[in-house]
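Peer 1: Before I ask anything, here is the structure I am working with.
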Amino acid sequence: MKLALELAQEAGESGDVPVGAVIIDHNGSLIAQASNRKERDQDPTAHAEILAIRKACQVLQNWHLNDCTLYVTLEPCSMCAGAIIHSRLGLLVYGVDDPKTGVIRTVYNFPDSEFSNHRLPVIAGVMESACRSQLQEWFTKKRHK
């Protein structure tokens, strides 16, 4: 999660919402990392999770990420949760809940819903305080510009 926070910081410094994502394999090896790039790329799908999943699939030459863990600083939105479920990730670990768009446990529960074809194990609240502070500081600065 520390690396995901560093990536999120980079995203924030470049004008994107500070969210970072890291994917490791079953051996604990880093296979993908990304930060939000929506503003930089002018692409609404360029969320950190989506970019990390794409990279991990390329590295592994497989869209099944069953033996991988995704670490992300913010609870995923519906688009990202859909990609996470469809890629069959083995575990999702995230930092802070998103009370506006989080669909893992906060606004909705995609992993346990009847339309989900994959039961996704989830660990929430990892480095929660640091993840929350980073986002709050970024939005405070953004509002006062």
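The values are calculated or read from the model by the stated rules, or taken from the named source; none is laboratory data. Computed from a predicted model, the values in this text were never measured in an experiment. Because the Cβ atoms are built from the backbone with ideal geometry, glycine has one as well, and the counts that use them run over all protein chains shown. What goes into the accessible areas is simple: the full protein's heavy atoms, side chains included, and nothing from ligands, DNA or RNA. Shrake-Rupley method; radii C 1.70, N 1.55, O 1.52, S 1.80 Å.
Peer 1: For G20, which sequence-distant residues (separation of 5 or more, or a different chain) have an amide H within less than 5 Å of its own amide H, given hydrogens modelled in the peptide plane?
Peer 2: Amide H neighbours of G20, under 5 Å, 5+ apart: A8, T73, L74.
Peer 1: Mean-square fluctuation check for the chain, GNM, Cα pairs under 10 Å: which of D25, D112, D41 is largest?
Peer 2: Maximum among the listed residues: D41.
Peer 1: Quick one: 3J(HN,Hα) in Hz for the range 43-59, Karplus 6.51/-1.76/1.60 with θ = phi - 60°, rounded, Gly and Pro as x.
Peer 2: In residue order, the calculated couplings are 9, x, 8, 7, 7, 3, 4, 4, 5, 5, 5, 4, 5, 4, 5, 5, 4 Hz.
Peer 1: Please compute the net charge surrounding R105, taking Lys and Arg as +1 and Asp and Glu as -1 over other residues with Cβ under 11 Å from its Cβ.
Peer 2: -4
Peer 1: Can you tally the net charge around N66? Count Lys and Arg as +1, Asp and Glu as -1, for every other residue whose Cβ sits under 11 Å from the Cβ of N66.
Peer 2: Once positives and negatives cancel, what remains is -1.
Peer 1: Give the Cα extents of the range 1-144 along the principal axes, in whole Å, largest first.
Peer 2: 43, 30, 28
Peer 1: On to the next question. Leaving out ligands and nucleic acids, note down the accessible area per residue over the chain with a 1.4 angstrom probe, in whole Å².
Peer 2: Roughly 53 Å² per residue, with all protein chains present.
Peer 1: OK, next. Could you work out the helix-only [θ] at 222 nm for the chain, with each DSSP H run of four or more residues adding -39,500 (n - 2.57) and the total divided by the number of residues, to the nearest 500 deg cm²/dmol?
Peer 2: -11000 deg cm²/dmol
Peer 1: Relative contact order for the chain: what percent, with Cα pairs under 8 Å and sequence separation of 6 or more?
Peer 2: 19 percent
Peer 1: Rounded to the nearest 0.05, what FRET efficiency do T45 and E13 have when you use their Cβ-Cβ distance and R0 = 25 Å?
Peer 2: That pair, T45 with E13, gives E of 0.70.
Peer 1: What does DSSP give for the range 1-139 in terms of the percent of beta bridges that are antiparallel, rounded to the nearest 5?
Peer 2: 55 percent
Peer 1: Report, in debye and to the nearest 20, how large the dipole of the chain comes out about its Cα centre when Lys and Arg carry +1 and Asp and Glu carry -1 on their Cβ.
Peer 2: Dipole size: approximately 240 debye.
Peer 1: Please report the carbon-and-sulfur percent of the accessible area for the chain; probe 1.4 Å, protein heavy atoms only, DNA, RNA and ligands left out.
Peer 2: For the chain, the apolar C and S fraction of the accessible surface comes to 50 percent.
Peer 1: Continuing with this model, one more query. How much length would be gained if the chain were fully extended between K2 and Y108, taking 0.36 nm per residue of separation minus their Cα-Cα distance, in nm to one decimal?
Peer 2: Stretched out fully, the K2 to Y108 stretch lengthens by 35.5 nm.
Peer 1: Taking R0 as 30 Å, what's the FRET efficiency between T140 and N66 from their Cβ-Cβ distance, rounded to 0.05?
Peer 2: After rounding, the FRET efficiency stands at 0.15.
Peer 1: Here's something else I'd like to know. For the chain, find the longest principal axis of its Cα atoms and tell me its angle to the long axis of helix 128-143, 0 to 90°, nearest 10.
Peer 2: Taking the Cα atoms of the chain, the angle to 128-143 is about 40 degrees.
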